[in-house]
Structure formats: structure tokens, C-alpha cells
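Chemist: Sending over a structure as C-alpha cells; questions will come in a sec.
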Amino acid sequence: MSADTANEPLLGVSALKRYFPIRNVFGRRINWLKALDDVSFEVRRGEVLGVVGESGCGKSTLGKTLMGIHSPMAGEINFDGREIGALIADQRRAIAKDLQYVYQDPGASLDPRWKIRRSLHEPLVVHTDLDRAERDHRVSEILEAVGLPVGHLDLYPHELSGGQQRRVGLARILTLQPKLVILDEPTSGLDVSVQATILQLFRDLQASFNLTYLFISHDLSVVQMMCDRVIVMYLGKIVEAGETDAVFENPRHPYTRSLLAAIPRIAGKRFTEDFWLEGEPPDPGNLPSGCRFRTRCPMAEARCAAEVPELRSLDGRQQAACHFA
Amino acid sequence: MSTALFLLRKLMQDRSAFLGFLLILGLVLCAIFAPYLAPFPDDVWDLHPTNRLMPPGGEHYLGTDRMGSDIYSRLLFGARITIVIGVVAVGVSLLIGVPIGLLAGYYHNWFSDLLMRVSDIFLAVPQIVLAIAIAQTLGPSLNNVILALSLTYWPWFTRLVYAETRSLLNEIFIESAIALGASPFRVIVFHILPNVASPIIVRTSIGMGFTILTAATLGFLGLGAQPPAPEWGRMISESREFLPDAWWYALAPGMAIFVVVMGFNLLGDGLRDILDPKIRRSSHAKP
């Protein structure tokens, strides 16, 4: 990495679009589901960028589009100085070495018929020319880093506990020493004590492998703890973005405020107590005109139905897409 | 190898599956050792007109046929033909059907749709009708029967493998292998194929029985191996004009076909229970 690329963002996404066709019973497209609509952001080297929002807001579609599992319909994905949105399959597969995706349950990403050893060797077999001994060496290093005994290599996934499976799933990603790791809901379905261990593991691994994380989650307290910056998504659009403390201390978009108000707390300051999010998000295949949030927004006025609010910079630390921010 | 041992141990616990296994083992041993087991090995082609239609007993355990040949000896040699038909026809069907199913399931584009519609067309026509048509067109011979059976049985494998592949593609471990950057070849051969192996094995066993039955039918209709080949279906066909007096003439090959087909079906059912715990046939086959 030369000196001038070090300051460049690791990942730059601009005007990314991914729509899914909604078809009627005859297979004709009757509408578009706008899972990602004009999404732009960047991930700086070494940071943890959080992506938050309710279910169905496009968080996972974002992750999978960046990974190439879905192909973008428009927009650019610039990764490590290279445009990767429109690469052909072979080239795209090579990118996977540096850009990895961790599933909600990394344990489920292990082939049930393969021993742990084979699953951990696989990324190296796919992406490197290392011989068996070198691969063994690398695998045992990683295994130590995620805190698993080498003896587990000859077990099948179902012989491990859920937490151990997650560690193996992570180890599998890390054998390639990727630059950017996309974590998709990494703590959901875990009890709180295990959650804390896993989050600590993410932090330790970030430090020792010099990783950058894109941290997708709907758990705001986890995001507050883990992320340097955060973007808030609502129905395929970014509604607020900024440094984590700025966004959490002074949320500017009413949606962010409602989300923060919904964090259950036992003690300590409660965020904006008077704000509660009502109802379900509207049908993403049939969006309201103007601002997408206006149907649930207590501040909505006539202007919100007419004009789409642009994401604009409020000060150096924060951006929001609201007419009243 | 350990997988094979595991299968064998599980089979022993399931009585009917083990019976199927023993019947098939018996068939294979008969085929291999036919020259030693048969009291009159030359009777496959030798004629003894003076001994025509002798009832079972004495030196002819199962009697003699219209040419005076020993039926027991001919049955033993017929086992070889039966095995060749079953193994080659099902083997070719596997070689055609499995790769098409894998590719069509994995890629899922217009070309795979085309392949699946072709296999649907084959499945829409009863196999026996299609096989008769093909064998009739090509002319009666053992090779043509095998060809006809292969050409009509592969869609069963394609359908099965296609459906399994489609559902595996929704599994996270397959998606993550793709996200990892594994090539389609790698994903198909190392991840998908091993995970569809169980239903393929079950279908192979049941397919053997089915194919042998269809082959016997074709032989009965005179489309199979030509005389003097001791093909079981043909032997039944020859016996018709001597019924009901020479009852042993039809009974012996009929029972042979029945036992072999039942063996493959019992084994297939048992394997299904062992390999696919989701569909349980009976409670005594424990997981």
C-alpha cells in the first residue's frame, strides 16, 4: 500500500441501486422492490462502520450486493482502488480474498459433511498456492487467534457447540487475511454473555489482523459499543450517517430518534422519551411519495409528501435526510 | 471405506433391508460362480431333444425346457445377463442424469430450463412404452435393450438431483462457499454432489430393480437378448405354449425375477431409512 492510497477509503459506494422485481402470478413484473435506492457511503481503512435499521430496510441486501451475491443494477462499488461492481465472475471471485462476508451464524457456513480441517483449508486452496504444510501452519495460527484447540480440527461441525461453530466460521474467513469483513447481524440469537465474548473476539481480531469491519446490525447498543461511524437505513435509503457518538447523542432524523428511543434500558439516561415508532414500515414495493418515512413520522407536513429530502451535511460529523433536521 | 462399513452395520439392524442385501449378494454370487454351480453349464446352448420338458427332480433340479436344457443351469447364467443389464443401464443413466441435474440446478437459466423440460417429456411417457419404441426401432438385441433402458431412465436421476441441488443452493454453507470465491466446479463437485449422494444411492438401488423388471418385460416381448441366450424374460415367454402342464418352465424364471426385484426394492427402502432420517418407514430402523 503506497502512502497516497492509505488515506483513500477502503470501500467507496456511490449511487448503488438494487431493485427486485415483484411479479404477478403470470410472471409479469408489476412493480419494483427498491431494496437499495441510491446508496452512497464510504468505509475508511481500519474503522468499524455500523449499518442499522429495522428488518427489511435493505441492510442484508447491501451486504450481499457488496459481496457480489446480488449484482448491483446501478452505481459503483470501489474497493481498494478498483471498481468491482461490474466485474465478470472469475475476477469477482478473486476479490473475495480481500473482501469477506460473515453470515449471521458463521457456523451454518460450514459444510456438514466436512471436517473442520477441510473447511478451514478450503479458502487457502481456492485463493493461494500454499502447499499442505504451509496451509496447516496458517490454519493453526488462526485457530489459536479465535481461541479453539487444534484438536477440534478432526471434528465435524455438529460435534461443536454453537459458539465454537461461530469461531470456526470466523477462522475460515480470517485464513485469507481479508482487508474488509462484512459482519451480518453477528450477535443475533446469542445470549448476552456469549454476545460479549464474541464482540470482544471481533475487537481482538480487528487489532491483530488489521481488519476493517462493515457491521450490519439492528442492535443499537451493540452498534454504539463497536462502531466508529454509523449509517442508518430506512427502506433502501440512508436517512442518517455520522460518527457514532454524534448520532447517538444528537440524532437529527426522526427515524433515528425513534430507533434510539426503542432501546430498552434499565438505568441511565433515556434517549428522547417522547418518541415511539408506530406501526410497520410501508410496503417496500409501494413506497409513499416524497419522504419514505412520512407515513410514520410525527413531524410530517405537506412538503414531505412532495419533496424527497436529500442526505445533507449538517456539520462536519453528521448527515441526515430530513427537511427539518 | 468407513462409510461402507457404517452402512453395512446399519443394514444388519434392519431385517428387511438386510434380506434385500442378502438376495442381491446371492444374485451376484450366482452370476460369478455360474460355471461351477451349474450342473449342466453347456446347456446354455446345448440341445437335448430327448429330455424335453422333464419335471423338476432327479438330476434336473428345476426341470428342463422345450429344448431339453437344464433350467437351473440356464437361470444361473441368466443372472449374468440380468446384472449386466441393470448395472450398465443404471450406470449410464447416472452418468447422464446426475451431471444434467447438477448443472441445471446450479445455473438455473434458459438452457437448464430446456434440459428440465426435455426430462419432463421423458417422464411423461411411461418408461416401458418408450423403451419398447426405442428397442423396436433399433432392432432386438441385448445391447439395444440396455441402450433403450439407459435413454429412458436418466430423467429420474435428473429430476431428483435437480430438486436436491435447488434446495441446497438455499443452504448457507453453499452460499458461503460461493461468497468465499469458490469456483462453480468446486461448489458443485465438492459441496453439492456429496450432499446429494444419499438420495442418489437410494434411487440407484430402486432403479436397479425397476430396470431389471422392465428388461425382463422387453425380453418377454422378444426385444431382448436373442436365443439361445438364457434371458429370464425370454424364458417365460418361451414357456407360455407349454402352460399349464410344464408349470416349472415359467415358474423358475418368474420367481428369479421376483426375488431379485424384491431384493433391490427392500435394499433401497432400507438405505433410504438409513441415509435419510427425515422419511422413516418403520420404527425398528433406528437412526
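Chemist: For A:Arg28, indicate whether it is over 20 Å from the mean Cα position of the chain (by Cα), away from chain B (no Cβ under 11 Å) and closer than 26 Å to A:Gln195 by Cα.
Modeler: The answer is no for A:Arg28.
Chemist: What helices (runs of 4 or more DSSP H) lie completely within the range B:169-268 and have 1 or more residues being buried (at least 18 other Cβ atoms within 10 Å of the Cβ) and more than 14 Å from chain A (Cβ to nearest Cβ)?
Modeler: The helices (runs of 4 or more DSSP H) meeting that bar are B:193-220, B:232-239.
Chemist: Testing B:Leu142 on (1) crowded, with 19+ Cβ neighbours inside 10 Å; (2) touching a residue at least 40 places away in the same chain (Cβ under 8 Å); (3) within 14 Å of chain A (Cβ to nearest Cβ), one condition comes back false. Which one is that?
Modeler: For B:Leu142, the exception is condition (3).
Chemist: Do we have any residue at all in the range A:62-75 that's surrounded by 22 or more Cβ atoms within 10 Å (Cβ to Cβ) and in contact with a Lys or Arg (Cβ under 6 Å, 6 or more places away or on another chain)?
Modeler: yes
Chemist: Now for a separate question. Looking for whichever is free of Cβ contacts under 8 Å to residues at least 40 places away in the same chain, out of contact with any Pro (no Cβ under 8 Å at 6 or more places or on another chain) and closer than 29 Å to A:Gly189 by Cβ here; the options are A:Gly68, A:Gly63. Which one fits?
Modeler: After applying the criteria, what remains is A:Gly68.
Chemist: Under 6 Å by Cβ, and 6 or more places apart or on different chains, what pairs join a residue from the range B:195-223 that is of a type outside the set (A, V, I, L, M, F, W, C) with one that is not in a helix (DSSP H, G or I)?
Modeler: From residues that are of a type outside the set (A, V, I, L, M, F, W, C), the pairs are B:Ser198/B:Asp276; B:Gly219/B:Glu231.
Chemist: Considering each of B:Gly91, B:Gly101 in turn, give the residue that is at pLDDT 90 or above, farther than 24 Å from B:Arg234 by Cβ and in a helix (DSSP H, G or I).
Modeler: Within the list B:Gly91, B:Gly101, the selection yields B:Gly101.
Chemist: Further question: Give me a count of the residues in the range B:88-104 that are under 11 Å from B:Leu193 (Cβ atoms) and either buried (at least 22 other Cβ atoms within 10 Å of the Cβ) or in contact (Cβ under 8 Å) with a residue 24 or more places away in the chain (or both).
Modeler: 3
Chemist: Keeping to the range A:298-316, report how many residues are touching a helix residue (DSSP H, G or I) at 6+ places or on another chain (Cβ under 7 Å) and either in a strand (DSSP E or B) or at pLDDT 85 or above (or both).
Modeler: Matching residues across the range A:298-316 total 2.
Chemist: Applying the selection to the range A:178-229, what residues are touching a residue at least 40 places away in the same chain (Cβ under 8 Å), of a type outside the set (S, T, N, Q), part of a helix (DSSP H, G or I) and within 26 Å of A:Ala261 (Cβ to Cβ)?
Modeler: Matches in the range A:178-229: A:Leu220, A:Val223, A:Met226.
Chemist: Under 6 Å between Cβ atoms, which residue pairs at least 6 apart in sequence (or on different chains) link something in the range A:312-325 that is under 16 Å from A:Gly290 (Cβ atoms) with a partner that is charged (D, E, K, R)?
Modeler: A:Ala320/A:Glu240; A:Ala320/A:Arg252; A:His323/A:Arg303; A:Ala325/A:Arg252
Chemist: Would you confirm whether any residue within the range A:207-220 is at pLDDT below 90, out of contact with any strand residue (DSSP E or B) (no Cβ under 7 Å at 6 or more places or on another chain) and within 14 Å of chain B (Cβ to nearest Cβ)?
Modeler: no
Chemist: Out of B:Asp14, B:Asp46, report the one residue that is among the acidic types (Asp, Glu) and surrounded by 18 or more Cβ atoms within 10 Å (Cβ to Cβ).
Modeler: After ruling out the rest, the residue left standing is B:Asp14.
Chemist: I'm checking my understanding of the structure. Among residues of the range B:157-168 that are buried (at least 18 other Cβ atoms within 10 Å of the Cβ) and over 23 Å from the mean Cα position of the chain (by Cα), which one is nearest to the other protein chains (Cβ to nearest Cβ)?
Modeler: This residue is B:Leu168.
Chemist: In addition: Checking the conditions here, which among B:Phe40, B:Phe21, B:Phe6, B:Phe33 is buried (at least 21 other Cβ atoms within 10 Å of the Cβ) and aromatic (Phe, Trp, Tyr)?
Modeler: B:Phe21
Chemist: Among the residues of the range A:25-57, how many are outside any strand (DSSP E or B) and either at positive phi or not small (Gly, Ala, Ser) (or both)?
Modeler: The total comes to 12.
The values are calculated or read from the model by the stated rules, or taken from the named source; none is laboratory data. In this text, all values refer to a predicted model and were calculated from it rather than measured experimentally. Cβ: placed from backbone, ideal geometry, glycine included. Neighbour counts: every protein chain shown.
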